[in-house]
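Down below is the structure, laid out as structure tokens.
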Number of protein chains: 2
Amino acid sequence: MPSARTSTSATPGRREQNKAATRAAIAGAARRLLQDEGADALTAEKVADAAGVSRRTLFNYFPSVEAVLNAPLTAFLDRAAAGLEELPADLPPTIAAVDALAALAGESEGLATVADVFVLAQGNPQLARLQLEAWDQCAAQIHEAMSARVPAEAGFELAVYVHAVVGAGRAAFQSWAERHPDDHRSAAALADLQRLLMVALEQLRDGFPALRNLTTPHPGTPDRES
Amino acid sequence: MPSARTSTSATPGRREQNKAATRAAIAGAARRLLQDEGADALTAEKVADAAGVSRRTLFNYFPSVEAVLNAPLTAFLDRAAAGLEELPADLPPTIAAVDALAALAGESEGLATVADVFVLAQGNPQLARLQLEAWDQCAAQIHEAMSARVPAEAGFELAVYVHAVVGAGRAAFQSWAERHPDDHRSAAALADLQRLLMVALEQLRDGFPALRNLTTPHPGTPDRES
DNA sequence: CATGAAACTTACACTACGTGCAAGTTTGCT
DNA sequence: AGCAAACTTGCACGTAGTGTAAGTTTCATG
């Protein structure tokens, strides 16, 4: 008779259970097919087929084939936004952002799959666009959550800041992908990504000291070790 | 009979002339149809029909229907990137960005159509994604152009900075659209957009002073010492 | 346990997108 | 004039995504 869940974590109802399983099956099938046949051969029908569901059901779960692949990124960014919300409210946003990201980047196993999806998007314009949208929605979410913490006059400054933070995050991923064209799955590469994410936010917080102090960046390129 | 152009700016060849005309016809038809029939009724066939070309030709000129509408934004961002390149090389990037944007925002008539396209994307996810891609490509272009000006060890800092700048630009557009839900075509609104763009970059340059100095952000919350 | 409602899956049909291809047509050069 | 390259067009094809109306499963009743 209790319509409420008996124990929230144990059995969230058979229905929810099945849905989660189907979702996972689709996502798994997509990644498997991608691995085996390459990006070009990835079609909605094949994925649905491999997942054991109808094509229509796939579209009931995901709005597009690319969205299936993109799921890890959206999950990650959702957690990132949530992490920012839960920080102590009396912290200046510029500090809170660094803290939140530090906590998030710590979960390296989540980061690994996200990084994987990120490099995947390099050869797939549709997926790349979808990821840009995901980053943007993350920014909107963060802005929404934090706008209550700042006075109204600072609303625009907050908006700019949040976009800059998210931009910094993307820059970190991008530079990271460029630096590790081949070994992006290695532990060292992962550690580098974590480092870059932190450095990016610190540079934003500190106002880009290296760039600001540039006086004579001569085209003659004063050679330095990389 | 001379194979060289008679006057380089006047007649760039009949072929180029026709192509430009077709391009303009397609873009015009798209905007007209959008105005008249609404976003939902906008289909490739209708646009091509209204432009007096075949559907196939439309796709020879633009990769998608949304790209037709997006043309003004890409043009604007291309000019923005180009403007940054042409600035004196001995200027610190943090200053150069502000200068370049100031020059660009001055051409208010270009800005107007861009702003128009921006609000258009609010109700059209495909177009919105395409615009995000355009901003991103702009960032890549700027990064490419300026990376020669900074020492190699500042390359990553530059990447972060460029992304932050572009993010700031987007934040300005977004906040602007929220502030002018109805009058976004008025001269006052346009002036406000110019102002926001400048303010956004200044805040980035100055390190978000208002956010950093926040001590008691909660309007209804008694401040506690950290 | 029976049973009915709600949630979920599936097949089918339909519109539209974007592309390859093989014609035709226009433009430019000599 | 005439040829080659560029451009347009129609056609066909595979695929994406969506509406709809039927089945099928889950779940809370009596």
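The values are calculated or read from the model by the stated rules, or taken from the named source; none is laboratory data. The model shown is predicted, which means the values in this text are computed figures rather than measured ones. Ideal geometry is used to build each Cβ from the backbone, glycine not excepted, and the neighbour counts take in all protein chains shown. To get the accessible areas, we keep the full protein, side chains included, count just its heavy atoms, and leave off ligands, DNA and RNA. Shrake-Rupley method; radii C 1.70, N 1.55, O 1.52, S 1.80 Å.
When you look at B:Ala159, is it within 12 Å of the chain's Cα centre (by Cα) and at the interface with chain A (Cβ under 9 Å from one of its Cβ atoms), yes or no? So B:Ala159 does not fit the description; no. Checking each residue in segment B:119-132 for being among the hydrophobic types (A, V, I, L, M, F, W, C), crowded, with 19+ Cβ neighbours inside 10 Å and farther than 19 Å from A:Ala164 by Cβ picks out B:Leu120, B:Ala121, B:Leu127, B:Ala128, B:Leu130. The listed residues are A:Glu178, A:Glu144, A:Glu153, A:Glu157, and the only one of them that is under 21 Å from A:Arg79 (Cβ atoms) and of a type in the set (Asp, Glu) turns out to be A:Glu144. Is it true that A:Leu204 is open to solvent by less than 50 Å² (accessible area, probe 1.4 Å) and more than 7 Å from chain B (Cβ to nearest Cβ)? Criteria not met by A:Leu204.
Residues in segment B:133-155 that are surrounded by 21 or more Cβ atoms within 10 Å (Cβ to Cβ), outside any loop (DSSP other than H, G, I, E, B) and at the interface with chain A (Cβ under 7 Å from one of its Cβ atoms): B:Asp136, B:Ala154.
Within segment A:86-102, the set of residues being more than 13 Å from chain B (Cβ to nearest Cβ) and either at pLDDT 85 or above or surrounded by fewer than 16 Cβ atoms within 10 Å (Cβ to Cβ) (or both) comprises A:Glu86, A:Ala102.
With respect to (1) touching a residue at least 24 places away in the same chain (Cβ under 8 Å); (2) under 22 Å from B:Thr94 (Cβ atoms); (3) open to solvent by less than 30 Å² (accessible area, probe 1.4 Å), the lone exception for A:Leu193 is condition (2). State whether the residues of segment B:47-65 include one that is within 14 Å of another protein chain (Cβ to nearest Cβ), within 14 Å of DNA strand D (Cβ to nearest atom) and surrounded by 14 or more Cβ atoms within 10 Å (Cβ to Cβ). Within segment B:47-65, one or more residues are within 14 Å of another protein chain (Cβ to nearest Cβ), within 14 Å of DNA strand D (Cβ to nearest atom) and surrounded by 14 or more Cβ atoms within 10 Å (Cβ to Cβ).
For every residue, the table says whether it meets (1) assigned by TED's automatic domain parsing to the domain that holds B:Leu127; (2) more than 11 Å from DNA strand C (Cβ to nearest atom); (3) not basic (Lys, Arg).
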{"residue": "B:Asn18", "(1), (2), (3)": "no, no, yes"}
{"residue": "B:Ala25", "(1), (2), (3)": "no, yes, yes"}
{"residue": "B:Gly28", "(1), (2), (3)": "no, yes, yes"}
{"residue": "B:Arg32", "(1), (2), (3)": "no, yes, no"}
{"residue": "B:Ala41", "(1), (2), (3)": "no, no, yes"}
{"residue": "B:Val47", "(1), (2), (3)": "no, no, yes"}
{"residue": "B:Gly52", "(1), (2), (3)": "no, yes, yes"}
{"residue": "B:Thr57", "(1), (2), (3)": "no, no, yes"}
{"residue": "B:Asn70", "(1), (2), (3)": "yes, yes, yes"}
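Going by the structure shown, is A:Asp78 in a helix (DSSP H, G or I) and either hydroxyl-bearing (Ser, Thr, Tyr) or within 23 Å of A:Glu133 (Cα to Cα) (or both)? Here the answer is yes, as A:Asp78 does meet what is asked. If you filter segment B:76-95 down to residues that are without any contact (Cβ under 8 Å) to a residue 24 or more places away in the chain and not acidic (Asp, Glu), you find that the one that is nearest to B:Leu190 (Cα to Cα) is B:Gly83. Note on segment B:30-46: residues that are surrounded by 14 or more Cβ atoms within 10 Å (Cβ to Cβ) and within 12 Å of DNA strand D (Cβ to nearest atom) total 1. Among the residues of segment A:1-29, those identified as modelled with pLDDT of 95 or more and open to solvent by less than 90 Å² (accessible area, probe 1.4 Å) are A:Ala20, A:Ala21, A:Thr22, A:Ala24, A:Ala25, A:Ile26, A:Ala27, A:Gly28, A:Ala29.
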